[in-house]
Amino acid sequence: MYSVAVLVSSDRAYNGVYPDKSGAYIRDKMTAEGYEVTDLTVLPDDFDRLKNQLEKYVREGVSLVFTTGGTGFAERDVMPEATKAVVERETPGISEAIRAKSLTITPHGMLSRAVSGIKEKTLIINLPGSVKAVAESLDVVLPALRHGLGILTGTADN
């Protein structure tokens, strides 16, 4: 079983303006898919705090980190930069596949700056902030996820 952590980047959810829904959706979906969700953290849109949390997940040996929020054009949207500061190898195919699917639904899909990558044995994937977009994105990545994690951890069946 692969461990999963969820990191939400949202000033408003962090400050209690509204409850986080996207992170909760990821947690529930991944649990239903048979993954062990070990953490769901909501942080403000702050580069250092997001980067430090991602590094903490890597140190803890979490297999997969999904982030949600902070991938757009707003000045405080810094999740891609925090992710790039942590990962050693980017995995552009994952982010490109999510964007490609998103573009079949809305032209706004091209506005995503989301990235994904690997640090040690941890895969980090940025997802959008809305529940609808998160659900669509998970539908894209889930079919290949277990195999990719198996390759990363050396446990894949050919």
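None of the figures in this text is laboratory data; all of them are computed from the coordinates on show. Predicted model, so just to flag it, every value in this text is computed and none were measured. Using ideal geometry, Cβ is built from the backbone for each residue, glycine included, and neighbour counts are taken over all protein chains shown.
Just to be sure, is THR67 without any contact (Cβ under 8 Å) to a residue 60 or more places away in the chain and touching a strand residue (DSSP E or B) at 6+ places or on another chain (Cβ under 7 Å)? So THR67 does not fit the description; no.
Yes/no per residue for (1) surrounded by 14 or more Cβ atoms within 10 Å (Cβ to Cβ); (2) in contact (Cβ under 8 Å) with a residue 40 or more places away in the chain; (3) of a type in the set (Ser, Thr, Tyr):
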{"residue": "SER3", "(1), (2), (3)": "yes, yes, yes"}
{"residue": "SER9", "(1), (2), (3)": "yes, yes, yes"}
{"residue": "ASN15", "(1), (2), (3)": "no, no, no"}
{"residue": "GLY23", "(1), (2), (3)": "yes, yes, no"}
{"residue": "ASP28", "(1), (2), (3)": "no, no, no"}
{"residue": "THR31", "(1), (2), (3)": "no, no, yes"}
{"residue": "VAL42", "(1), (2), (3)": "yes, no, no"}
{"residue": "ASP45", "(1), (2), (3)": "yes, no, no"}
{"residue": "ASP48", "(1), (2), (3)": "no, no, no"}
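Number of residues in region 106-156 that are in a loop (DSSP other than H, G, I, E, B) and out of contact with any His (no Cβ under 7 Å at 6 or more places or on another chain) equals 12. Under 13 Å from the mean Cα position of the chain (by Cα), β-branched (Val, Ile, Thr) and more than 21 Å from ASP45 (Cα to Cα), is that true of THR91? Yes, satisfied.
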